[in-house]
1. Which condition number does V31 fail, the rest of (1) at negative phi; (2) touching a residue at least 60 places away in the same chain (Cβ under 8 Å); (3) open to solvent by less than 20 Å² (accessible area, probe 1.4 Å) being met?
2. For the stretch 1-86, list the strands (runs of 3 or more DSSP E) that sit wholly inside it and hold at least 3 residues that are modelled with pLDDT under 95; which are they?
3. Within the stretch 157-206, how many residues turn out to be surrounded by fewer than 24 Cβ atoms within 10 Å (Cβ to Cβ), aliphatic (A, V, I, L, M) and within 20 Å of the chain's Cα centre (by Cα)?
4. If you take the residues in the stretch 210-253 that are modelled with pLDDT under 95 and within 23 Å of Q98 (Cα to Cα), which one is surrounded by the most Cβ atoms within 10 Å (Cβ to Cβ)?
5. Say we look at the stretch 45-70 and pick out the residues that are under 21 Å from R33 (Cα atoms) and among the small types (G, A, S); which of these is surrounded by the fewest Cβ atoms within 10 Å (Cβ to Cβ)?
6. What are the pairs with Cβ atoms under 6 angstrom where one residue, in the stretch 54-82, is free of Cβ contacts under 8 Å to residues at least 12 places away in the same chain and among the acidic types (D, E) and the other, located anywhere, is part of a loop (DSSP other than H, G, I, E, B) and loosely packed, with under 12 Cβ neighbours inside 10 Å? Sequence gap at least six, or different chains.
7. Test of understanding: among A214, A246, A188, which residue is under 22 Å from T126 (Cβ atoms), in contact with a Lys or Arg (Cβ under 7 Å, 6 or more places away or on another chain) and not acidic (D, E)?
8. Considering (1) closer than 24 Å to N251 by Cβ; (2) open to solvent by 50 Å² or more (accessible area, probe 1.4 Å); (3) modelled with pLDDT of 95 or more, say which one F134 fails and leave the rest.
Amino acid sequence: MHPFLNVAVKAARRAGQIINRAALEIDNLQVNRKGQSDYVTQVDRAAEDAIKEILMEAYPSHSILAEESGSTGADNAEFQWIIDPLDGTTNFIHGFPQYAVSIALTQNGQLVHGVIYDPMRNELFTASKGRGAFLNDRRIRVSRRDRLADSLIGTGFPYRVFDRVDNYMGAFKELTEKTAGMRRPGAASLDLAYVAAGRLDGFWEFGLAPWDMAAGTLMILEAGGFVTDLNGDGDFLKTGDVVAGAPKVHNPLLQIVQKHLTKANA
């Protein structure tokens, strides 16, 4: 395992310990609302602080982009860590066991390492550019599904901005009719990791932040899948819109999502 990835794994596991301890006392959590259906707890902040401490101790010249504390370090740093200390906070505060720690590293803007850790299941997903994707040290690949009609697709509905919600629902309706099923578990990082592991055959969502998808998209690419924005390009970290899937699922999924997005822009 690459030294960068080793440090990221250490940081993710430390954050996972904090999250697991707090999960035993959910009723005592202090929950603050950042916006519409957007919450933060002291657990998010404590986990993020722990991650940053480990990363900065090992690599003080690197910059950081984190969900709760924003951007720190030099703007022109060669390396930047992208952190979501608790993806699925709403799930967590309700005791719904679908949340994760997500840490990615970019070098000159390119994704090079990623870690997603599910502390409830003790599942550690990792990936390094050119070295493949793994779940608990076992190599993973995207599914071999070759028809959208047989595919299980993940998504996430809007919860902050609702200007495209009708288009979401249109795409959701059509995909519900044309797939084996749709799932909306509520933690995009894990949804993407599940695509990499073949548990989902595809995933799509609008309006994500970089920390929601940086690690997971690298895992899909390293597991043999396709990831694009809604235009079919590779700018998903910038646009926040992503369509991902197994090679023979991605394009028909993209075509349906594009059709409904075109209606939004008409």
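1. Just one mismatch for V31, condition (3).
2. 31-35, 38-41, 70-72
3. Of the residues in that region, 3 qualify.
4. Applying the filter and picking the extreme gives D241.
5. Filtering the stretch 45-70 for residues that are under 21 Å from R33 (Cα atoms) and among the small types (G, A, S), the one surrounded by the fewest Cβ atoms within 10 Å (Cβ to Cβ) comes out as G70.
6. Filtered contacts from the stretch 54-82: no entries.
7. Step by step, each of A214, A246, A188 is checked, and only A246 is under 22 Å from T126 (Cβ atoms), in contact with a Lys or Arg (Cβ under 7 Å, 6 or more places away or on another chain) and not acidic (D, E).
8. (1)
The values are calculated or read from the model by the stated rules, or taken from the named source; none is laboratory data. Keep in mind it's a predicted model, so treat the numbers as computed, not measured. A quick note on method: Cβ atoms are made from the backbone with ideal geometry, for glycine too, and the neighbour counts reach across all protein chains shown. These area figures cover heavy atoms from the full protein model, side chains too; ligands, DNA and RNA do not enter into them. Shrake-Rupley method; radii C 1.70, N 1.55, O 1.52, S 1.80 Å.
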